[in-house]
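First the structure, in the form of structure tokens, and then the observations on it.
Only the coordinates and a few stated rules stand behind these numbers; no lab work does. Bear in mind that the values here come from a model prediction, so they are computed numbers and not experimental data. We place every Cβ from the backbone using ideal geometry, glycine too, and count neighbours over all the protein chains shown.
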């Protein structure tokens, strides 16, 4: 059973999330401010943290930063709709995903499942991942990309960008994080460079570059590698046709 720490100073949200998560057989611990959140995280060693950014005392940003100083527990942050800069900053501090208030419980549960699933995969030893979807194969062990059986030539920068994405499947990676990882600290604000290279990469590997399904945009924030989600949708679609 996975343990989830929910941190929010709104009693109604805290109760609703505790009820919804427990109904899905998660063990739930709660905190209503940043100081209690840090104490509870150390005491209960949760498998995932749902963290509101707007907390009294030690705010969610600082909680996120302190957690990342000693643990890699997945962090799903909750943020108000207007606070886009806050979402980006939280992701840059190490949060794994975010939800905008108000949100649906089913969407939160889906994000929780995805983060826990990815966390389990990260803990497993083995060869680097290999993705195959819609005729595109990305083999990290062989450092090779093929499309419909033909080799896809990637520049050094395109490969570095693809590697940064596929090493974190499903995770929202901010513009700043990708620019820092691929180009270096001097490019952290050069979002246009990133957009150009993402566009080039999509033309080379996406089945339909005009409707990307592998490298998905989160407007104003960053990109996700969604190969697993695309594979799952394809399997479900094939199952419905077969039935």
Notebook entry, point to check: Which peptide among 53-59, 28-34 comes first, and what is the full order, when sorted by highest mean count of other Cβ atoms within 10 Å?
Noted result: 28-34, 53-59
Check: Plugging the Kirkwood radius over Cα pairs into Stokes-Einstein for segment 3-123, at a temperature of 4 °C and a viscosity of 1.567 mPa s, what D comes out in µm²/s?
Finding: 92
Next item on the list: Over the alpha-carbon set of segment 130-242, work out the extent along each principal axis and list the three values in angstrom, largest first.
Entry: 52, 29, 24
Next item on the list: Evaluate the relative contact order of the chain (contact order divided by residue number), counting alpha-carbon pairs under 8 angstrom at least 6 apart; express in whole percent.
Entry: 12
Margin query: Let me check against my output: what whole-number percent is the relative contact order of segment 3-123, with C-alpha pairs under 8 Å and at least 6 apart?
Written below: 22
Notebook entry, point to check: Taking the chain as a Gaussian network, where each spring joins two C-alpha atoms under 10 Å apart, which residue of 157, 11, 174 fluctuates the most?
Noted result: 11
Check: In a GNM of the chain with a 10 Å cut-off on Cα contacts, which of 225, 70, 159 has the highest mean-square fluctuation?
Finding: 70
Next item on the list: Could you work out how far helix 191-205 tilts from the main Cα principal axis of the chain, as a 0 to 90 degree angle to the nearest 10?
Entry: 50
